[in-house]
Structures are given as structure tokens and as C-alpha cells.
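Below: the structure, in C-alpha cells.
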């Protein structure tokens, strides 16, 4: 029996503790998968399984975080991540406050640290932060006594997106160890790619990254990945492909003269998937640029689990909020 592992009985809101994972969660924050052990990642995935059972009930709510206040502090636009965190908090019975850059004191020049300290003074328990600067979540966490969850910081990490990707793969393939996953697209600017690489390699998967040479970060081989600029090579032996959004608002415009040219060279099409394993899993963190990263038929096809990723994001974020909320106590209350 482990103190921090949660399970739900059929006839009660919150039952005792499960014995599936003996890891105890001790971290105040979730800042990135680089800083987690294999066992800690598995603990989040195991808890998410329990919370997904809650989401299948007619009454999709438990009192686990009743009385807690969670603030979503988003300096960048977001649909899936922000709404997913909000739903996760509400499913746990927490109070939720959403703050965006527009219409807040941030526009008046208030710093991230000052904003965080004011939210702490207002008795918030957890701040979920998305920021355009790499390292922003860690900087905030060091300045505050309350918990900070990284919802994406610059080009650094997006840990809960990677966790929901890995959770989806584990549901489909039963085990992560030994599988081949190819991450295709804008590797250089992708926090999703970095978090997925950290998580997948720690759990024993083989990872290939595929992108135009201009969008392969220097030294990425040190993260124990294979590198290719051939889309066909990346797809050929993969059990799953995770296709990233091309961020043409950055300097990718210089790497390719047009979106049509990118799709011709690196787009995932039905024709290319014919050369892949029959049951290859197709993923995308969203938003999808149809006809750029992948064809519409692929996005909506039988191999796609894109909408399942979105659903699984709620369970993953419920697990993360639960764990960081109880980390200092070390036990259920």
C-alpha cells in the first residue's frame, strides 16, 4: 500500500490507497519531465487511470480538492490546455480562477513574480502557468511557497501534454518499453517534443525525431534520440507518430518557401501511411494545420487518436493537480 496512490471504490467517493505503485510523490511543483524519475512518471499515469474511471461516471466529480483554489495564469493563447486544466480542477471540486494577459495587471507591467506573490497572498493553492519564456515556471516556483504547474514555457517543456500523449500510447499499446515513436515536425521550437522525449526515453521507448535540417536542434542526439530528415524513414518502423504543428509565425518561413512545399516533403498522407505498420498510431497535440502537417483524411482516419488525447488530458491533469496538492502532506486527507 502506498500513501500517495489513489483508487476509487465503486460505492464511495474516495476510497483508500492503491498498491499498484509504491512511489510517494514529494514534489511541490510539476515543472517538466526532465526532473521526474521513471517511477514518478508512472505514478502520474497510474493515478490518471483512476481519474479516468471517474470521468466515465454519470456524476463526473469527486471532492478530492474541495476547498482548494487553482489559478490558471496564461500569458499565451490556449484552448485545449486551459479548458482541460479548468475541467480537471472542477472535476476535483476545486475553485478555479482564470487569468489571461489581456485585461489584467500584466498589461500594466506587473512582473510574473509580483503576480504570483499577489495570488499567493490571495490564498491560491496552485498556479497553473503558461508563459512564452523558457524557464518561467521554474522561476515562479522558486519565488513561491504554493505549488506551480507548468502548462508550457517557451521552447522548454509542456509536461502535461507529453503525459497525456504517453498515457494514450500506454492505453493503446499496454506498455511503453520497447515501442518506436517518431516525432515529426518543428522540433526546434517544440516544448511538446522535448517533454515527450524525456518521458518516452525514461520509460524505455525508442524515439526518432524527423524535421527539416534547419529545424533539428543542435546536439539533440544527446537526448538519446535518432535523427532523420526523411519522413518515410520516420514512419516506416514506427508504432506511433506524433506530428507537431509547424510554427510558420517563427522562422520556419525561411526553411520552406510555402506551406504546400512543406506538406509535399514532410506531410503525413494516406499514401505515406500505406508503407507504415498497419496499426500505427497517429497523434497530434493540436491545433492541427490540415494540409500542412497532415492530410485531413489522416487526422480523421482510423489510426488517429487525436480526440482521445484531448479526453485523456483531463485525467492526466486531475492526477497532476491531486499529487502536487497533497505533496507536502504526504498522505490523503
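Tabulated values for the structure
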| read-out | value |
| --- | --- |
| Out of 193, 205, 188, sole residue that is crowded, with 24+ Cβ neighbours inside 10 Å, at negative phi and in the same structural domain as residue 262 (by TED's automatic domain parsing) | 193 |
| Residues of segment 60-94 classified as buried (at least 20 other Cβ atoms within 10 Å of the Cβ) and either in the same structural domain as residue 192 (by TED's automatic domain parsing) or farther than 17 Å from residue 147 by Cα (or both), total | 5 |
| Residue satisfying condition, being over 20 Å from residue 169 (Cβ atoms) and at pLDDT 90 or above, within set 222, 226, 202, 259 | 222 |
| Qualifying residue in segment 171-179 (condition: under 30 Å from residue 52 (Cα atoms), buried (at least 19 other Cβ atoms within 10 Å of the Cβ) and assigned by TED's automatic domain parsing to the domain that holds residue 262) | yes |
| Matching residues in segment 95-116 - criterion: being farther than 28 Å from residue 308 by Cα and buried (at least 17 other Cβ atoms within 10 Å of the Cβ) | 106, 112, 115, 116 |
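The values are calculated or read from the model by the stated rules, or taken from the named source; none is laboratory data. Just so we're clear, the structure is a prediction, and the values are computed from it rather than from any experiment. All Cβ positions, glycine included, derive from the backbone under ideal geometry; neighbour counts span all protein chains shown.
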